[in-house]
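Heads up, the thing below is written out as structure tokens.
Please treat every number below as a calculation from the coordinates, not as lab data. Bear in mind that the values here come from a model prediction, so they are computed numbers and not experimental data. Because the Cβ atoms are built from the backbone with ideal geometry, glycine has one as well, and the counts that use them run over all protein chains shown.
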Amino acid sequence: MTHWSRRKVALLTAAAGLAPLAGTALRSTATLAQARARVVVVGGGAGGATVAKYMARASDRLAITLVEPAAGYRTCFFSNLYLGGLRSLDSLVHGYDTLASKYGITVVRDSAAGIDPQRRRVHLAGGDSLAYDRLVVAPGIAIRYDAIPGYDAAASGAMPHAWDGGPQITELKRQIESMDDGGVFVLAAPPNPYRCPPGPYERVSMVARYFKAHKPKAKILVLDAKNSFSKQALFLDAWARHYPGMVEWLPADFIGGIESVDAKTLSIKTAAETFQAAVASVIPPQTAGRIARNADLADESGWCPVDPSTLESTRYAGIHLVGDAIIAGAMPKSGFAANSQAKVCAQAIVAALTGAPAFEPRFFNTCWSFLAEHDAVSVGASYRVEDGKIAAVDSFLSGFEESTETRANAARQAEVWYRAFAEDIFG
Ligand code: FAD
């Protein structure tokens with residue numbers, strides 16, 4: 001069968017609502033060598049879409065199905081720039097058409113509702129089920145609505161976290177834009193570990209950028225669940241330089257932790273005092289995406305343990321996980337990290353299902369943060385597996401005394417990265 005016709009069969013069988021290959025759930029390596037092995041990927045974000053694409057690029061002996069409920073993926077990365085007026089919302093959205101048309105991936109617009117690891121099937125919310133030889137679960141994070149008294153899903157509409165790529169980002173922008181000049185924007189930053197360690201502080205910088213231009217009497221108060229944060233000295237320096245007198249950061253030891261919030265009055269009660277917000281972005285603690293926890297892939301920490309060399313679950317054979325949902329040793333929860341893990345995972349699955357050679361895994365991460373329009377900083381590292389864990393082998397962080405030209409260059413690099421990164425995942 002030609003490469004083209006294999007792809008066509010996969011697309012046609014999917015269009016007909018059939019599993020790409022019939023047969024028993026568990027198939028021998030010999031059988032797999034003759035047939036196309038079925039790989040189902042749950043979640044079409046930075047992690048899942050990359051695994052699907054890189055498996056398809058590496059081998060035409062796999063029938064790959066990507067399950068994702070959204071028609072397009074809206075990146076959390078650079079969503080702070082949307083708040084700051086440096087990006088449109090449309091520029092953050094990426095579709096799945098190329099993954100289907102160029103790489104022959106069957107994209108199923110549905111949600112995984114359950115996983116049966118014994119029968120190797122994924123049950124979809126729409127009623128269908130998909131058989132797999134290998135499954136990749138990449139659902140990102142779930143917001144913990146049980147963690148802060150008063151902050152449930154309904155309250156999050158009034159005090160948007162805007163931390164999951166959903167529609168809250170537009171609501172948060174609307175609230176910021178309709179806030180009176182002189183009002184207080186309160187950002188409640190989460191405890192570790194959480195998605196995008198520098199993200200809350202980049203959000204502060206971008207909201208400050210907007211206030212400086214449009215509401216110069218506004219104030220920003222950061223109520224932190226931690227006593228220190230990523231790129232702290234760089235952010236504190238930038239806030240003093242770009243937005244003098246506007247931003248105040250209060251660490252956990254000072255406020256004694258957030259005790260509760262009241263979404264009706266937009267007040268936030270800490271052990272020290274109750275703070276009144278004109279607009280509040282409350283970013284609660286997080287866990288692995290719901291499907292991963294419901295399928296028993298997470299441990300008591302709420303995150304999913306994996307073998308770092310293959311990204312295979314240590315709890316269920318044949319199921320791999322990538323991205324924010326996993327326990328990734330020294331790697332942060334970032335899109336860059338999810339994409340890097342995805343490439344290692346794709347290679348491990350292709351090796352396991354087709355006999356292709358496997359290589360020693362290496363992982364990479366770089367996270368840029370915008371402090372102002374032409375002022376960006378970065379942090380990053382490369383990683384390898386040491387003693388069964390992902391460990392950093394070298395790392396870098398933007399210098400405190402960098403020139404304005406260096407910082408402007410970093411801002412340009414970040415824009416270039418975003419374009420190349422979106423292309424790497426979806427193009
Ligand atoms: P996601 O990208 O969230 O993808 C998960 C996908 O799974 C979603 O499309 C979802 O719809 C789908 N899904 C969930 N459940 C199911 C289900 N049951 N069935 C089917 N599909 C399902 N990272 C960077 O590298 N650089 C940055 O500059 C950066 N900035 C950020 C700024 C902000 C404000 C935030 C919030 C995050 C930022 N990040 C950044 C982090 C980055 O967005 C995440 O780390 C990354 O998206 C994680 O990828 P993922 O694939 O694990 O999850």
Whole-Hz Karplus ³J(HN,Hα) for segment 311-320, in order, using 6.51 cos²θ - 1.76 cosθ + 1.60 and θ = phi - 60°, x for Gly and Pro? 6, 7, 4, 7, 9, 9, 5, x, 10, 10
Using only the alpha-carbon atoms of segment 152-285 as identical scatterers, what base-10 log of I(q)/I(0) does the Debye formula give at q = 0.14, 0.15, 0.23 Å⁻¹? -0.57, -0.66, -1.70
Whose amide H sits under 5 Å from the amide H of E259, counting only residues 5 or more places off or on another chain, with H placed in the peptide plane? K269, T270, A271
Counting only DSSP loop positions in segment 313-404, the GluC sites (Glu not before Pro) whose Cβ has at most 13 other Cβ atoms within 10 Å are E401
Chymotrypsin sites (Phe, Trp or Tyr not before Pro) in segment 393-427 lying in a DSSP loop, each with at most 13 other Cβ atoms within 10 Å of its Cβ, come to F400
Rg/Rh over Cα atoms for segment 308-373, Kirkwood Rh, comes to 1.06
So how tilted is helix 199-214 from the main axis of the chain? Cα-based, degrees 0 to 90, rounded to 10. 50 degrees
What's the longest bit of the chain with no exposed trypsin sites (Lys or Arg not before Pro), using DSSP loop states and at most 15 other Cβ atoms within 10 Å as the test? 265-427
For a quick check: with amide H placed at 1.01 Å from N, whose amide H comes under 5 Å from E386's, ignoring anything fewer than 5 positions away on the same chain? A391
Hey, which of these cross-link pairs are over 31 Å Cα-Cα: K269/K389; K53/K333; K173/K231; K217/K264; K215/K269; K217/K333? K269/K389; K217/K333
R0 of 45 Å, Cβ-Cβ distance A154-A351: FRET efficiency to nearest 0.05: 0.45
List the GluC sites (Glu not before Pro) in segment 233-313 that DSSP assigns to loop (not H, G, I, E or B) and whose Cβ has at most 15 other Cβ atoms within 10 Å. Which are they? E273, E300
Under 5 Å from the placed amide H of A63, counting only residues 5+ away or on other chains, we find A37, R38, V39
Under the Karplus relation with 6.51, -1.76 and 1.60 and θ = phi - 60°, whole-Hz ³J(HN,Hα) for segment 221-236, x at Gly and Pro, equal 10, 9, 9, 9, 7, 10, 9, 7, 8, 4, 6, 4, 4, 5, 5, 4
Nearest 10 degrees, 0 to 90: helix 168-178 Cα axis against the chain principal axis: 20 degrees
